[in-house]
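One structure is given below, encoded as structure tokens.
None of the figures in this text is laboratory data; all of them are computed from the coordinates on show. Every value quoted in this text rests on a predicted model; they were computed, and no experiment measured them. Please note: Cβ atoms are built from the backbone with ideal geometry, for glycine as well, and neighbour counts cover all protein chains shown.
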Amino acid sequence: MAQIGESASAIETHKLRKTYRTITGKRVVAVAGLDLTVPRGGVHAFLGPNGSGKTTTIRMLLGLIRPDSGSMSVLGQPIPRALPAVVQHVGAIVEQPKFYPYFSGRENLIQLAMAIGVSRKKVDEVLEAVQLTERAKNHYRTYSLGMKQRLAIAATLLKDPELLIFDEPTNGLDPAGIREIRDMMRGLGAQGKTVLVSSHILAEVEQVADTVSIIGRGTVLAEGRVTDLIAAKDSHQVRVGLPATSLAAAFFALQSSGFDVRGEGSTLLVTGADDPAAVNRTLAKAGLYANHLVAEKAGLEKIFLELTQNETPGGQQQVAGPLVHNPPGAAGPPPTGSPHPDQSGAASSGQEEN
Ligand SMILES: Nc1ncnc2c1ncn2[C@@H]1O[C@H](COP(=O)(O)OP(=O)(O)O)[C@@H](O)[C@H]1O
Ligand SMILES: [Mg+2]
């Protein structure tokens, strides 16, 4: 037990893999060699489209299902072996929790508190933490979805866990409910607890997450501090607007100088360009002049969409991502190649068989 509280990561998985067999005998790869690192303290978003393996991963971390292969640790302890020791330090909401409809919120929590040997004082404390004190005496069945979810969170806080795992906690909530949950997660992170929150909607976690793992088809596509992910993308992306007649020539001039170029509508998006001036110089050398040239703020949303646009279950259909066009030109430019080399790897590993 001494080690709990000392490891650098709250959660680590290594080559974690899980396949399901459907009733028809078909094998579904739900988690395909997942290497996940969740640092201690703060809010970590576990972000991926529906069907990308978030719930499956969380269920494995909680010992609810067994992986086919790979390893996991939670709070520095191997899972599932050390589950009995770890479980009291972890609070989780994976499925809709069951509460008694004709008990009040407070009575429901008292039941749970007695079951795990926690005082009534703690019940009042956690009700306060989720701002349910005033409604705590009302029957659970009268609660809004947001209040139900807050009560569920209060229940996970009873044993004062170091690590909280919430699987899509804002599903079905209205904007006010989403904000309440978000504030609560931020508060827990600020207290030094680790909160792992899964979502398929970036906007619901973007403002609250300190760090993020973006997954698609059961593998990690990008991971790190939200600010670093955005900064890394920012410094490397330049958007160039040119007269329509120069677009194709500019495309080839930039490409032959080693830039990674994509046409997007009437502009070119140059990635791998550390310095907008270098892009401008290349164009000037070719006798081409830009209407505008902007180092772009990619934003986490764009990164998320780009990384996951081919990662929806069943293949290549696109989610509402940026529309990518090739530049106009008589001959038509060559294929622009994959701007995301990690994507093809993730896609093929998703189809791998054991
Ligand atoms: N019990 C199950 N039996 C068969 N396939 C499943 C089962 N649970 C999940 N899957 C499949 O595994 C993949 C990952 O699912 P899941 O972990 O629920 O993703 P997410 O939580 O990211 O939406 C999906 O293709 C899903 O259809
Ligand atoms: Mg899920």
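According to the calculation over all Cα-Cα pairs in segment 9-224, the P(r) per 5 Å bin from zero is 1, 7, 15, 19, 19, 16, 11, 7, 3, 1, 0 %. Taking Cβ atoms as reference points and 10 Å as the exclusive limit, the residues near Thr211 contribute a net charge of -2, counting Lys and Arg as +1 and Asp and Glu as -1. Restriction of the GluC sites (Glu not before Pro) in segment 128-191 to DSSP coil positions whose beta-carbon has at most 13 other beta-carbons within 10 angstrom yields Glu134.
Which entries of Lys159/Lys193; Lys121/Lys148; Lys122/Lys193; Lys121/Lys193; Lys15/Lys54; Lys122/Lys159 have Cα-Cα distances beyond 19 Å here?
Lys121/Lys148; Lys121/Lys193
As a proxy for reagent exposure, Val226, Val294 were ordered by neighbouring Cβ count within 10 angstrom, fewest first; the result is Val294, Val226. Using R0 = 35 Å, the C-beta based FRET efficiency linking Val94 and Val294 works out to 0.20. The label point for His14 and the one for Arg81, both projected 7 Å from the Cα toward the Cβ, are 1.2 nm apart.
Counted residue by residue at 0.36 nm each, then reduced by the alpha carbon distance between them, the extension gain from Ala203 to Asn138 reaches 20.2 nm.
Taking other Cβ within 10 Å of each residue's Cβ, how do Lys121, Lys159 sort, fewest first?
Numbers: Lys121 8, Lys159 18.
With the fewest neighbours first, Lys121, Lys159 line up as Lys121, Lys159.
Extent of segment 1-126 along its three principal axes (Cα atoms, max minus min coordinate, largest first): 47, 40, 25 Å. Measuring between their Cα centroids, segment 174-230 and segment 248-283 lie 33 Å from each other.
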